[in-house]
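What follows is calculated from the coordinates using simple rules that are stated; it is not laboratory data. What you see is a predicted model, and the numbers here were worked out from it, not measured in a lab. Please note: Cβ atoms are built from the backbone with ideal geometry, for glycine as well, and neighbour counts cover all protein chains shown.
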Amino acid sequence: MFVTIALDVLVAVYILSRQRRIRPVPRVLSLRLPVILGVIGLIDMLGYTDGRGHHVTGTDYLWVLGTLAVGAVALGALRAFTVQIWTSHNWVVRQGTWLTIGLWVLSLGLHFVSGIGAQRVGAGNFEAASFLLYLGVTYGVQNTVVHRRALPLWDALGPDAGRRLQMVFGPGGMGGQGGPGGPGGPGGFFATFRGGGPGFGPGPGPGAAGRPSGRRTPTNDPTVIDAEVVDDDEGPAQLH
């Protein structure tokens, strides 16, 4: 039981930690992580009823389905419309807002509160066993709606959009949409997108053209790592 709770907490923290990061929206929708979470959650639910003497009634199933419909599907779709989406250097990128985080907290809180209510009708443990399934469904719904919102931007960029990017690890802010710091604010993390000019990082200061040839460039700066984005939510970019 402890291992299950620890896994639930780690997965929830991992998902929440990614919401405020600026990340590419994949041109092709991938739901690998939500599907994995959903399958594990479904196995947990089936394991709760298999050979443990637990009697699951129709009321238990209705309670879990109701929680999924409201807390996972409805709030997941609503959260997706609070995510900022914009284009930068031939890429479509996104960043969750603090309202996105607030709706995540509300969604997780709803599952917790529904678990307390389920205790009164005898479905509390069954509700708790559905947590990873709940996370998989709500995360998948959010990613699907965000992807559909991003499709017109990808179409506008054309078929050649979505080239390799460079990830810059440094104290600089963002120069993207929204002024200095972009949607991520001053001191945000990321990146310059190759093939599109100066990128998210701070641009060259006055007199940059007169600097000696030994100055740092994207090809010799040790803080720059070439990265090819393969996926969005299901794993880090491939580093070269």
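Placing a pseudo-label 7 Å from each Cα along the Cα-to-Cβ vector at Q84 and I5 gives an inter-label distance of 3.8 nm.
Pairs of Cα atoms nearer than 8 Å and 6+ residues apart set the relative contact order; for the range 14-117 it is 41 percent.
Estimate the FRET efficiency between L16 and V73 by the formula 1/(1 + (r/R0)^6), using the beta-carbon distance for r and 22 Å for R0, to the nearest 0.05. Let's see the in-between values first.
On the way: r = 19 Å, r/R0 = 0.86.
It comes out at approximately 0.70.
Extension gain, I101 to L46, is 16.7 nm, computed as 0.36 nm per intervening residue step minus the present C-alpha separation. Segment L151..T59, full-extension length gain: 29.1 nm, with 0.36 nm per residue of separation and the alpha-carbon distance subtracted.
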